Amino acid sequence: MSETDGFDPTPDQNELRASVRSFARRELASTYLARAQSTEFPWKPLHSLGELGLLQLLCPPEFGGPPEPAYVGAGIAVEELAHADFNIANVLIPPLIISYILSQFGSGEQQQTWLPPLCAGETFVALGLTEPEVGSDAASLRTRATRVDGGWLINGEKTSITAVPHAQACVVFARTGGRGARGVSAFLVPLDAAGVSQASIPDPGWKPIGRGSIGFDDVYVPESAMIGGEGEAFSTVMAGFDFTRPLLALTAIGAAQASIDDAAAYVRDRQAFGAPLAAFEGVSFPLAEHATRLVAARSLCYQALQRRERGEAHTALAAMCKWLGPRTSMEAAHDCLLLMGHYGYTTDNPMEQRLRDIMAVEIADGTAQVQKIIIARELFGRDFVPYRSAGQAAPSPRDG
């Protein structure tokens with residue numbers, strides 16, 4: 001159903017969906033479980049995404065990208081990839097984010113150095129925003145960059161960072177001025193620099209991508225490492241990040257759709273009391289309900305991405321996607337597993353793996369509670385922060 005749900009795709013978008021679907025189901029689906037249960041980073045699939053042109057979707061034309069950033073195309077790509085392999089879909093999103101940052105705000109030198117290998121799937125650049133005591137209230141981050149001769153010294157710690165064990169560099173958000181969002185700058189930091197330390201975080205899902213922390217102990221970076229202007233990381237680099245939320249939601253939706261497809265095939269074939277399980281309303285109705293909710297969540301995501309392409313406001317809509325999509329997908333994957341009984345619960349079946357993978361999307365880029373704060377703020381005005389105590393700075397909800 002996903003070809004036309006919620007928006008009218010262009011011929012190019014239909015062609016992109018067909019191409020990604022063919023690749024994903026031919027090359028990824030049968031080996032999803034093996035990769036999902038391994039901690040080996042999927043460099044070969046990432047390279048294949050570069051060959052397909054998916055890593056370039058948000059790059060300028062001189063680096064192989066389309067005439068305009070293809071946000072809807074990115075959504076199509078991650079949804080189709082997630083149907084076959086949730087982790088490969090999510091290994092695509094960080095390069096899209098970093099290529100967007102460098103294309104929009106990076107210097108010519110930064111673009112020439114990092115975009116070609118990034119778009120070829122030969123290197124990986126992480127995004128360092130979340131800290132041990134600072135998650136969605138990112139404007140309160142404590143990592144600090146201090147100006148020295150010729151550059152900056154960075155001190156602090158980032159945590160819950162995607163693909164840290166495998167990344168070659170990280171876009172690090174650090175405080176260069178006073179309190180609040182206006183005192184934060186962004187730096188492109190090679191992770192082999194002196195003073196950088198790393199540690200992995202064990203997770204029940206997302207294993208081939210990995211998650212970890214980065215420590216910075218007087219890490220020197222030259223002036224040229226800064227992305228954009230000093231103190232402008234939130235007003236420029238972070239300001240355009242709403243597109244990541246529908247992308248993450250679509251990875252959950254793609255995986256949940258795969259669970260519905262698998263469960264539907266199972267209950268068509270499985271016999272009980274002289275009839276296929278699908279003949280019983282207690283089995284068919286839950287699948288019908290989840291299929292309907294996924295259509296609604298999917299539609300919301302493509303509406304947000306279309307607004308992005310048209311340059312229209314979509315902050316509230318993106319937060320709605322990030323709240324509704326993972327929740328709907330989690331409920332669908334859970335019920336599909338139950339409909340398949342013990343067979344769905346075994347680690348030899350992708351049902352339980354998808355459930356653990358999808359759960360990560362409920363947390364990444366802000367939990368459901370954070371998304372509701374954003375929606376309320378957009379509905380009632382940016383000064384509407386009901387939990388804020390007197391004199392406390394309003395948060396800038398964002399999770400790394």
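Nothing in this text is a laboratory measurement; each read-out follows from the coordinates by a stated rule. Because the structure is a prediction, the values reported are computed rather than measured. Positions of Cβ are backbone-derived with ideal geometry, glycine not excepted, and every protein chain shown enters the neighbour counts.
Given a Förster distance of 41 Å, report the FRET efficiency between R25 and R270 from their Cβ-Cβ distance, rounded to the nearest 0.05.
Working: r = 23 Å, r/R0 = 0.57.
Efficiency, from the Cβ-Cβ distance: 0.95.
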Treating cross-link reach as a plain straight distance, find the lysines whose alpha-carbon is under 17 Å from the alpha-carbon of K44, omitting any fewer than eight places away in the same chain. K207
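From the helices alone, meaning DSSP H stretches of at least four residues, give me the mean residue ellipticity at 222 nm for the chain, per-run term -39500 (n - 2.57), in deg cm²/dmol to the nearest 500. Mind showing how you got there, number by number?
On the way: 12 runs with 188 residues, N = 400.
Roughly -15500 deg cm²/dmol at 222 nm, from the helical runs in the chain.
For a distance above 31 Å, tell me the whole-number percent of Cα pairs in the chain that qualify. Don't jump to the answer; show the numbers that get you there.
Numbers: 29144 of 79800 pairs.
Tail of P(r) above 31 Å: 37 percent of Cα pairs.
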Place a +1 charge on the Cβ of each Lys and Arg in region 241-380 and a -1 charge on the Cβ of each Asp and Glu, then give the dipole magnitude about the Cα centre in debye, rounded to the nearest 20. 420 debye
For region 1-125, just say rounded, prolate or oblate: build the C-alpha gyration tensor, square-root its eigenvalues into a ≥ b ≥ c, call rounded for a/c under 1.5, and beyond that prolate if a/b exceeds b/c, oblate if not. oblate
Compute, for the chain, the length of the dipole vector about the Cα centre, with Cβ point charges of +1 (Lys, Arg) and -1 (Asp, Glu) only. Units Debye, rounded to 20. 720 debye
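In what sequence do K372, K207 fall when counting other Cβ within 10 Å, fewest first?
Values: K372 15, K207 19.
Listed from fewest to most nearby Cβ atoms, that is K372, K207.
Which of Y220, Y32, Y71 has the fewest other C-beta atoms within 10 Å, and how do the rest follow up to the most?
Values: Y220 15, Y32 22, Y71 25.
Going from sparsest to densest Cβ surroundings: Y220, Y32, Y71.
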Going toward the positive end of the dipole of the chain, with +1 on Lys and Arg Cβ and -1 on Asp and Glu Cβ, which of A304, T31, L96 do you reach last? A304
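Which of the DSSP-defined H helices in the chain satisfy a minimum axial length of 15 Å, computed from C-alpha atoms, and a minimum mean Kyte-Doolittle hydropathy of -1.0? Please list the in-between numbers first.
Numbers: long enough: 11-27 (24 Å, -1.43); 71-84 (20 Å, 0.83); 86-105 (29 Å, 1.45); 108-119 (16 Å, -0.76); 244-269 (38 Å, 0.40); 281-310 (43 Å, -0.36); 315-339 (36 Å, 0.52); 350-361 (17 Å, -0.25); 368-380 (18 Å, 0.69).
Answer set is 71-84, 86-105, 108-119, 244-269, 281-310, 315-339, 350-361, 368-380.
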Using a cut-off of 19 Å between alpha-carbon atoms, which lysines can reach K322, once sequence neighbours fewer than 8 places away in the same chain are excluded? K372
Within region 11-124: Cβ-based charge dipole about Cα centre, in debye rounded to nearest 20 (Lys, Arg +1; Asp, Glu -1): 340 debye
Karplus ³J(HN,Hα) for region 216-225 (6.51 cos²θ - 1.76 cosθ + 1.60, θ = phi - 60°; Hz, whole; x = Gly/Pro) runs 10, 10, 6, 7, 8, 10, x, 4, 5, 6
